[in-house]
């Protein structure tokens, strides 16, 4: 395979990443070709040594998604990391999806319950001010504050569990990539 064909396939496989990230990856692999040709190897030998550009693009996209999660820690980066891990292989999707969907659904349910519960507590707090009797006003306002505090705690716990889940998926992705890389390159997996 020629340098241009390899780099073109790599570039097309990296579609979806930011343009500067794609340019950086392509420039790195163009440098591999420059070094190989300078050492007297042919472009096809260098391309064969680098492996399949489509597989390489999947690995690079997965690693970029995992690094983005580690740097940004926001919902968009979390989704990118999850899809990067799932994108490493169809077998993973078949294994992880039945496990992840109920967990993600439960976490989403807790997040929604936190928002609704907080709103209900705020409603009780505000209505307590219009209850009329001074003793009932304080009790209603305190009850509203208690409900709001409880649901804020539930939301915080849900966020912590979600972050832990994404971190576990990142760990799984890195482990998976580490174990699969030698097998895909024709070597043996060593423990």
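Readers should treat all values here as calculations from the given coordinates under stated rules, not as data from a laboratory. In this text, all values refer to a predicted model and were calculated from it rather than measured experimentally. Ideal geometry is used to build each Cβ from the backbone, glycine not excepted, and the neighbour counts take in all protein chains shown.
Multiplying the sequence separation of residue 74 and residue 143 by 0.36 nm and subtracting their Cα-Cα distance, what value in nm do you get? Can you show the working numbers first?
Details: separation 69, 0.36 × 69 = 24.84 nm, distance 3.26 nm.
Taking residue 74 through residue 143 to full extension adds about 21.6 nm, to one decimal.
How big is the convex hull of the Cα atoms of the range 1-51, per residue, in Å³?
Values: hull volume 2.9 nm³, N = 51.
Expressed per residue, the convex hull around the Cα atoms of the range 1-51 is 57 Å³.
Sort 158, 21 by Cβ crowding within 10 Å, fewest neighbours at the top. Present the calculation step by step, with values, prior to reporting the outcome.
Values: 158 19, 21 16.
Listed from fewest to most nearby Cβ atoms, that is 21, 158.
What does the C-alpha gyration tensor say about the overall shape of the range 99-173? Classify as rounded when a/c is under 1.5, otherwise prolate if a/b is larger than b/c, or oblate. If you can, show how the numbers build up before the last one.
Numbers: a/c = 6.24, a/b = 3.63, b/c = 1.72.
In terms of gyration-tensor shape, prolate.
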